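The values are calculated or read from the model by the stated rules, or taken from the named source; none is laboratory data. Just so it is clear, the structure is predicted and the values come from calculations on it, not from any experiment. Note that each Cβ is placed from the backbone with ideal geometry, even for glycine, and that neighbours are counted across all protein chains shown. The accessibility values were calculated without ligands, DNA or RNA, using every heavy atom of the protein model including side chains. Shrake-Rupley method; radii C 1.70, N 1.55, O 1.52, S 1.80 Å.
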Amino acid sequence: LSPELRARLAAGHDAALQPAREWVLPVLAGAGSLRSTANDLLTLLAAFLDPDSPLAPAMAAMLATRRPGPNLQQALGWWVIPMGPGDAGIVTHGGATFGYAATVAFDPATRVGVVVLSNGVQDDGGLAWHLLRPAFPYATSAARQARAERREISVDARLLDGYVGRYQPAGGDAITIERQGDGLLLRSPSAPQGVWLRAESERVFFIREADLQATFETDGAGRAIALVIRFAGTDTRAPRVGGS
């Protein structure tokens with residue numbers, strides 16, 4: 001950033017509203033070091049929603065190229081997410097670094113677009129999706145606090161060992177559960193670095209980073225036979241396809 005632009009940069013804050021250090025990624029800057037404004041991103045959305053834009057054919061090709069995922073379709077640079085039965089879906093993308101979050105979303109049917117930028121938490125609580133689909137639950141600060149205060153319990157190591165393996169949702173990428181020390185790590189193509197699963201009960205786990213819950217279905221011997229991921233109010237079942 002130029003000195004003039006840097007003077008306008010909003011300061012990032014962590015979940016406790018304390019100053020957060022700005023991330024500067026020297027490699028793969030497009031994955032976390034782009035700076036923008038709400039107005040600039042609205043200009044991008046306006047171009048996607050304008051059928052007469054000279055970029056319209058390229059933008060249509062981005063959305064026409066699809067790969068199935070759990071409860072969504074992956075387009076080129078976008079997710080297409082239905083928000084309920086019979087819903088054609090919204091087109092969205094978002095991400096976060098420590099202290100900042102951004103979500104861009106639009107509805108191709110109504111040609112309405114939304115940009116939400118945050119410098120106070122690492123997610124926007126689903127506000128962008130809520131603005132396009134009011135029935136989608138918005139995570140208020142109280143809901144975030146409740147998530148942060150979810151009680152984690154200790155689980156017998158033998159139970160954890162029974163959950164290790166590979167799980168395959170229909171039409172989506174595989175999820176791998178690994179044993180790391182006294183806990184479990186969930187890895188997927190969207191979270192290759194892994195996220196820690198925290199036990200709420202012997203079979204129900206959660207993560208601190210998002211409103212996501214993982215429940216293991218087990219057989220009579222306590223060995224997992226499937227994993228059910230609850231995210232954005234939707235359950236995705238992934239049968240187990242491999243062991244440790």
The chain, Gaussian network, Cα under 10 Å: of T215, T43, T97, the residue fluctuating most is T43
Report the gain in length on full extension from A58 to D161: 0.36 nm times residue separation, minus Cα-Cα distance, nm rounded to one decimal. 32.3 nm
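With a 1.4 Å probe and all protein chains left in place, how much accessible area per residue does the chain have, in Å²?
Counting only protein heavy atoms, the per-residue value for the chain is 58 Å².
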Karplus couplings for the stretch 223-228 from phi (6.51 cos²θ - 1.76 cosθ + 1.60, θ = phi - 60°), rounded to Hz, Gly and Pro as x? 8, 5, 10, 6, 10, 10
Given only helices, namely DSSP H runs of n ≥ 4 each adding -39500 (n - 2.57), what is the per-residue ellipticity at 222 nm of the chain, to the nearest 500 deg cm²/dmol? -4500 deg cm²/dmol
Can you give the extra length, in nm with one decimal, that the chain gains between S33 and L76 once fully stretched, where that is 0.36 nm per residue apart less the Cα-Cα distance? 13.5 nm
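If you place +1 on the Cβ of every Lys and Arg, -1 on the Cβ of every Asp and Glu, and leave all else neutral, what size is the dipole of the chain about its Cα centre, to the nearest 20 Debye?
Roughly 240 debye for the chain.
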Options (i) 26.4, 100; (ii) 19.7, 65; (iii) 17.5, 54 are given for Rg and Dmax of the Cα atoms in Å, and the computed one is (ii)
Share of accessible surface on carbon and sulfur in the chain, whole %, 1.4 Å probe and ligands ignored, is 57 percent
To the nearest 10 Å², what's L28's accessible area with a 1.4 Å probe? 130 Å²
Exposed trypsin sites (Lys or Arg not before Pro) absent: longest stretch of the chain, with sites in DSSP loops and at most 14 other Cβ within 10 Å deemed exposed: 152-207
